[in-house]
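The values are calculated or read from the model by the stated rules, or taken from the named source; none is laboratory data. Only a predicted model underlies this, so the values are computations on that prediction, with no experimental measurement involved. Cβ placement follows ideal geometry from the backbone for every residue including glycine, while neighbour counts extend to all protein chains displayed. Surface areas here come from the heavy atoms of the whole protein model, side chains and all, with no ligands, DNA or RNA. Shrake-Rupley method; radii C 1.70, N 1.55, O 1.52, S 1.80 Å.
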Amino acid sequence: MLEIRPAALSEFSLLPELEAAADQAFGSLTPPLPYGNFPPPGTAVDYAGAFHIMVAGRPPVGFIRLEIVDGAAHLQQLAVSPDYERQGIGRALVAAAKAWAREAGFTSMTLITFKQVPFNAPFYARCGFTELRPEEYGQELAVLRTAEAAAGLDGMGARIAMKAVLPA
């Protein structure tokens, strides 16, 4: 397995291309999701401003971006290079991020994802996340969902918020 570690500042410039490449997996679905209509990948400056980013490999072949939403660690982005899909890298990144968040004092982690995409909600469910009902959203998570809908993501497929409890 590839080493999972905090991203180096010099690696932030590599992440936009990695994110864009990972989005191509949505085109392989039946029917394909129009990933070209997704919001553009983050920039190196965006990644530098993230709360925490972990990468897999040198140079990175996958990464996970964490933010803070409603006082919880929030999995904002998970991306794995198409050349390294289905090798457990995404699962290892999620596990490492959850462990890091626990050590940093967070008691839960949230995310927003496509409900029906096999490598989205079903994958995260296998990683210990459960679906949240809209009335369970915190104020900041609700704002993120509204922004996603405004960006057109809901028109591509059902979107849900999920949460994992991070036991001490």
Residue among L33, L14 that is over 25 Å from A164 (Cα atoms), at pLDDT below 90 and of a type in the set (A, V, I, L, M, F, W, C):
L33
Do we have L9 as more than 15 Å from the chain's Cα centre (by Cα) and in contact (Cβ under 8 Å) with a residue 24 or more places away in the chain here?
yes
I'm trying to understand the selection: among the residues of the range 36-80, which are in contact (Cβ under 8 Å) with a residue 40 or more places away in the chain and hydroxyl-bearing (S, T, Y)?
Y47
Qualifying positions in the range 97-118 - at pLDDT 95 or above and in a strand (DSSP E or B):
S108, M109, T110, L111, I112
Of the residues that make up the range 138-159, is at least one within 19 Å of R5 (Cα to Cα) and open to solvent by 20 Å² or more (accessible area, probe 1.4 Å)?
no
Test for G88: is it open to solvent by less than 40 Å² (accessible area, probe 1.4 Å) and over 17 Å from A121 (Cα atoms)
no
Identify all residues within the range 119-145 that are touching an Asp or Glu at 6+ places or on another chain (Cβ under 6 Å) and assigned to a loop (DSSP other than H, G, I, E, B); write none if there are none.
G138
Considering (1) open to solvent by 40 Å² or more (accessible area, probe 1.4 Å); (2) over 23 Å from P167 (Cα atoms), say which one T130 fails and leave the rest.
(2)
If you take the residues in the range 53-85 that are open to solvent by 50 Å² or more (accessible area, probe 1.4 Å) and part of a strand (DSSP E or B), which one is nearest to L18 (Cα to Cα)?
Q76
